[in-house]
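Working notes, structure below.
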Number of protein chains: 2
Amino acid sequence: MKLGVTRMIPQTINILGRTPAVLSSLLKDAPAELITSNEGPDTWSPFDIIGHLIHGETTDWIPRTRMILNYGESRTFEPFDRFAQFEMSKGKSINNLLQEFATLRHQSLDALKEMKITTDQLSLRGTHPSLGSVTLRELLSTWVAHDLSHIAQAVRVMCRQYTDDVGPWKEFLPILSH
Amino acid sequence: MKLGVTRMIPQTINILGRTPAVLSSLLKDAPAELITSNEGPDTWSPFDIIGHLIHGETTDWIPRTRMILNYGESRTFEPFDRFAQFEMSKGKSINNLLQEFATLRHQSLDALKEMKITTDQLSLRGTHPSLGSVTLRELLSTWVAHDLSHIAQAVRVMCRQYTDDVGPWKEFLPILSH
């Protein structure tokens, strides 16, 4: 996006701060078929996606930011468990998960603000377990893109539940075909 | 989705009623780069997408529902102008458009509720200018899928503005690659 680095942190906080309300507007008290249906074997439902975002708040974004600030490239990030949510979300309702995510995201952004990251610090580097050397700026941009990617995914999964229902209109809705 | 027809109308209203809040949470007062950037020539920005949804409220969904209920297949729907928003949104802010869409959607759903559509009426047919014979049930399902499709599109377009910023993480974010 070629954002000036001086605007990087406020804009990151701005977009990340929206995600709980976006997901809550979309999913809170929504019909069960739309919350728990996925796109087929080994794909995720909106319910699974919220669990994945929750896991990221506790284990990924802020912990990795701290690791870059405190240790630079000398320590490797913990690998991110992309399947943790299947165990951790068991027995919870979508409304439970949405509330839990909102609370954790609020805490994450408070922590990010308290770090008062400077322009210079955005160029600091850390070590990703499979990608190697990455910058703090790339980590924070990825946090935003990861949110948006999973919001788009949740909406797409919901949309695809209507594939048969739309009849001949399917040809005008490319999201239903690939 | 194989929804019982008795739940079709309440569920349609439930999902359609969420869209203004989802879009407002995502876009109200958001950074200009994210609102007006698109995916390249002849693609739409989030700003363009909201204009398209506004146009649908005034010319497409409720007018076509009424046409099926009043005239069946004997009158052909007006073709939907997919480019009307470029003229109609000129000079407006994203916040203007979000408010306009929310007002129109509220009116559309009031109109839909007043029609008190019965299970039998969901099988009534109308004539689409290019798709031919369609049912009311297909029209209403398409309204929902069309909303979700364009929410997913708006989020994807925002996400893709981060393609360069995420550095090596791009390979973990398939939304950025196709």
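The values are calculated or read from the model by the stated rules, or taken from the named source; none is laboratory data. This is a predicted model, so every value here is computed, not measured. Reconstructed Cβ throughout: ideal geometry from the backbone, glycine too, with neighbour counts over all protein chains shown. Surface accessibility is based on the protein's heavy atoms, side chains included, excluding ligands, DNA and RNA. Shrake-Rupley method; radii C 1.70, N 1.55, O 1.52, S 1.80 Å.
Given 10 °C and 1.306 mPa s, how large is the Stokes-Einstein diffusion coefficient of the range A:33-122 in µm²/s, with Rh as the Kirkwood radius over Cα pairs?
Rounded, D is 108 µm²/s.
Under the Kirkwood approximation applied to all pairs of distinct alpha-carbon atoms, what is the hydrodynamic radius of the protein assembly as shown in Å?
21.6
Report the B-A buried area as the accessible area lost on both sides summed, probe 1.4 Å, in Å² to the nearest 100.
4600
Given the convex hull over the Cα atoms of the range B:41-178, what projected area results after averaging over all orientations, in nm²?
For the range B:41-178, the mean projected area of the Cα convex hull comes to 10.4 nm².
Over the range A:1-79, what percent of the accessible surface lies on carbon and sulfur atoms, probe 1.4 Å?
Carbon-and-sulfur percentage of accessible area, whole number: 52.
With +1 on each Lys and Arg Cβ and -1 on each Asp and Glu Cβ, and nothing else charged, work out how big the dipole of the protein assembly as shown is about its Cα centre, in Debye to the nearest 20.
Around 380 debye, computed over the protein assembly as shown.
Counting Lys and Arg as +1 and Asp and Glu as -1, what is the net charge of the other residues whose Cβ lies under 10 Å from the Cβ of residue A:89?
-1
Checking buried surface per residue: for the range B:20-34, which residues lose a minimum of 20 Å² accessible area in the protein assembly relative to the chain alone (1.4 Å probe)?
By number: B:22, B:25, B:26, B:31, B:33, B:34.
Work out, step by step, the length gained on full extension between residue B:90 and residue B:103: first 0.36 nm times the residue separation, then minus their alpha carbon distance; give nm to one decimal.
Stretched fully, the residue B:90-residue B:103 segment lengthens by 2.8 nm.
May I ask for the Rg/Rh ratio of the range B:3-86, computed from Cα atoms with Rh as the Kirkwood radius, given to two decimals?
Checking Rg against Rh, the ratio lands at 1.06.
Sort B:10-21, A:15-26 for me by packing, meaning the mean count of neighbouring Cβ atoms within 10 Å per residue, highest on top.
Going by the mean number of other Cβ atoms within 10 Å, highest first, we get A:15-26, B:10-21.
Quick one: what are the phi-derived ³J(HN,Hα) couplings along the range A:113-130, Karplus 6.51/-1.76/1.60 with θ = phi - 60°, whole Hz, x for glycine and proline?
With the stated coefficients, the range A:113-130 comes to 4, 5, 5, 6, 5, 8, 4, 4, 5, 4, 8, 4, 10, x, 10, 8, x, 10 Hz.
What residues from the range B:98-131 fall in the zone where the backbone N is under 17 Å from a label point 7 Å along the Cα-to-C-beta line of residue A:164?
Only B:123 pass the distance filter.
Could you work out how far the C-alpha centroid of the range B:129-161 sits from that of the range A:10-66, in angstrom?
Taking the Cα centre of each part, the range B:129-161 and the range A:10-66 sit 22 Å apart.
Relative contact order for chain A: what is it in percent, counting Cα pairs under 8 Å that are at least 6 residues apart?
31
Name the aspartates and glutamates eligible as straight-distance cross-link partners of residue A:92: C-alpha to C-alpha under 20 Å, and not fewer than 8 places from it in the same chain.
Result set, ordered by chain and number: A:29, A:33, A:48, A:57, A:81, A:100.
If you roll a 1.4 Å probe over the heavy atoms of the protein chains, what accessible area per residue do you get for chain B, in Å²?
Normalised by residue count, the accessible surface of chain B is 44 Å².
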